[in-house]
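The values are calculated or read from the model by the stated rules, or taken from the named source; none is laboratory data. Note that this is a predicted model, so its numbers are computed, not measured. No Cβ is skipped: glycine too gets one built from the backbone with ideal geometry, and neighbour counts run over all protein chains shown.
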Amino acid sequence: MKITDLKCAVIGKNPVVRITTDQGIDGYGEVEATKYYLKPYVLFYRDYIVGEDPTDVEAVMLKIRRLGAFKPWGSAVSAIEIALWDIAGKAAGLPVYKLLGGKVRNKVRVYNGGVRFPMNGHAPGDYAEAMGKMKEAKEGFTIIKQAIGFHSQMLNAVPGFSYGEVRPRAGHHNPSRGLLTEKGLNHIVACVQAMKEVLGDEVGLALDCGPGMVVPDAIRLARAVEKLNLMWLEDMITGDYIPYVSADLYRDVTNSTSTPIHTGEQIYLRQNFQELIEKRAVRIIGPDPEDVGGIAELKWIAEYADMHGVLIAPHGVFDGLIGLAAQVQVGAAMPDNFIAFEYPIGSPQWWYDLIEGLPDPIVKNGFIDVWDKPGLGVSFNRDAAKKYLQDEDSGFFD
Ligand SMILES: [Mg+2]
């Protein structure tokens, strides 16, 4: 089998990758909805892979893997990797999880980072109210993640929140950082307490915190909430769109507290997780399969983390519905250090009319049942999808 073409169409905001072959089998991958601008970077790799055998996934990846980088620049390579596995699975007549080692669970736990309800403000009562609605959501999530501190609007809503310069959010990027005031830290802790009062010990609470916190604040926050038994504190120091890791700083925080510390959504490739894992600098890592280099890369990192006592909870809120399918496939094959992956939301809502093969409902009691169709096990309703293709992408399904 040979690859005949690599195509990319921006559908809604998600760049979608389609790889075609000389045997009529095609494969799909997807880039996060926040990266609608990446189509030219996907197509850059076309000449590297046309003519290769897509079922020798690793051989193809060796040609392009070193040409990626930290978020957002590893996304194109990651989406191509996922599309290759989709083809390899279809060619073998097997679900992708079989090619990743086979499933060790029949249902995969997800956590809620994307099902949201409008908030009236950023006081403790507002967070508690929102948490109550998320707890009652039809998906029955067993873990909910909430943005606080530098990852939220809290620093704008609370005067005197930090000693640093409060800079306006630029798109998905929060450029504020620096030392918190006592008032700012107290506000965070009060909001966390209010959320935990709603969730009790029935639903786990994770908090996305930065990046931008300084080490002493990270230690103070982690210690202040120790008795609340949080799932994790995410990206306090580095994280989202930061092109480095700072493992030693994370180790200082991790070694100072019983609260699990988490990072990793921006990191590209196993080599860039090596220091975090070997130094046990965090208790939980959160690679995103659409940033880290794909699903086999994610599985390898999970196994290596497991040997070092590090847990894994993959990032994924913007991965789209093809990304959701990829997460289920690799999630089924993850080692026992797997906690849950972040449930991707189809946005706009019409995405749910475009993709066939997902369970209905998708999430039951906080889990997704693993399906057995070949490849990723999802496909496009082409007639429905064509309506949303831009003119320049009109030949995407040809
Ligand atoms: Mg995050």
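Matching residues to (1) surrounded by fewer than 18 Cβ atoms within 10 Å (Cβ to Cβ); (2) in a loop (DSSP other than H, G, I, E, B):
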site	(1), (2)
Ile80	no, no
Ala83	no, no
Tyr97	no, no
Gly114	yes, yes
Gly121	yes, yes
Asp126	yes, no
Lys133	yes, no
Phe141	no, yes
Pro168	yes, yes
(request) Answer with yes or no whether Val10 is surrounded by fewer than 23 Cβ atoms within 10 Å (Cβ to Cβ) and closer than 19 Å to Trp351 by Cα. (result) yes
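Residues checked against (1) touching a Gly at 6+ places or on another chain (Cβ under 7 Å); (2) within 16 Å of the ligand (Cβ to nearest atom); (3) over 30 Å from Arg169 (Cα atoms):
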{"position": "Tyr41", "(1), (2), (3)": "no, no, no"}
{"position": "Tyr48", "(1), (2), (3)": "no, no, yes"}
{"position": "Ser75", "(1), (2), (3)": "no, yes, no"}
{"position": "Lys103", "(1), (2), (3)": "no, no, yes"}
{"position": "Val108", "(1), (2), (3)": "yes, no, yes"}
(message) I'd like to check which strands (runs of 3 or more DSSP E) are fully inside the range 1-67 and have at least 2 residues that are of a type in the set (D, E, K, R).
(response) 3-11, 26-30
(request) Take the residues in the range 170-204 that are among the hydrophobic types (A, V, I, L, M, F, W, C) and not in a helix (DSSP H, G or I), then tell me which one is farthest from Gln153 (Cα to Cα). (result) Val203
(message) Can you find a residue that is touching a helix residue (DSSP H, G or I) at 6+ places or on another chain (Cβ under 9 Å), touching a residue at least 60 places away in the same chain (Cβ under 8 Å) and within 16 Å of the ligand (Cβ to nearest atom) anywhere in the range 174-192?
(response) yes
(message) Please count how many residues of the range 379-394 are surrounded by fewer than 16 Cβ atoms within 10 Å (Cβ to Cβ) and either in contact (Cβ under 8 Å) with a residue 40 or more places away in the chain or under 30 Å from Val203 (Cα atoms) (or both).
(response) 1
(message) Filter the range 296-310 down to the residues that are among the aliphatic types (A, V, I, L, M) and in contact (Cβ under 8 Å) with a residue 60 or more places away in the chain and list them by number.
(response) Ala296
(request) Return a yes/no flag: does the range 151-159 have any residue that is in a helix (DSSP H, G or I) and within 14 Å of the ligand (Cβ to nearest atom). (result) yes
(request) List every residue pair whose Cβ atoms sit under 8 Å apart, with the two residues 6 or more apart in sequence or on different chains, where the first one lies in the range 264-278 and is in contact (Cβ under 8 Å) with a residue 12 or more places away in the chain and the second, anywhere, is basic (Lys, Arg). (result) Glu265/Lys71; Gln266/Lys71; Ile267/Lys71; Tyr268/Lys71; Leu269/Arg65
(request) Could you tell me whether any residue of the range 115-135 is within 16 Å of the ligand (Cβ to nearest atom) and in the same structural domain as Met334 (by TED's automatic domain parsing)? (result) yes
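Do any helices (runs of 4 or more DSSP H) lying entirely in the range 273-378 carry at least 1 residues that are in contact with a His (Cβ under 9 Å, 6 or more places away or on another chain) and crowded, with 17+ Cβ neighbours inside 10 Å, and which ones are they?
The helices (runs of 4 or more DSSP H) meeting that bar are 274-278, 289-292.
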(request) Quick one: in the range 321-345, of everything that is small (Gly, Ala, Ser) and out of contact with any helix residue (DSSP H, G or I) (no Cβ under 6 Å at 6 or more places or on another chain), which residue is farthest from the ligand (Cβ to nearest atom)? (result) Ala325
(request) State yes or no: is Ala325 aliphatic (A, V, I, L, M) and closer than 19 Å to Pro15 by Cβ? (result) yes
(request) Would you be able to say whether some residue in the range 255-268 is assigned by TED's automatic domain parsing to the domain that holds Val110, part of a helix (DSSP H, G or I) and modelled with pLDDT of 95 or more? (result) no
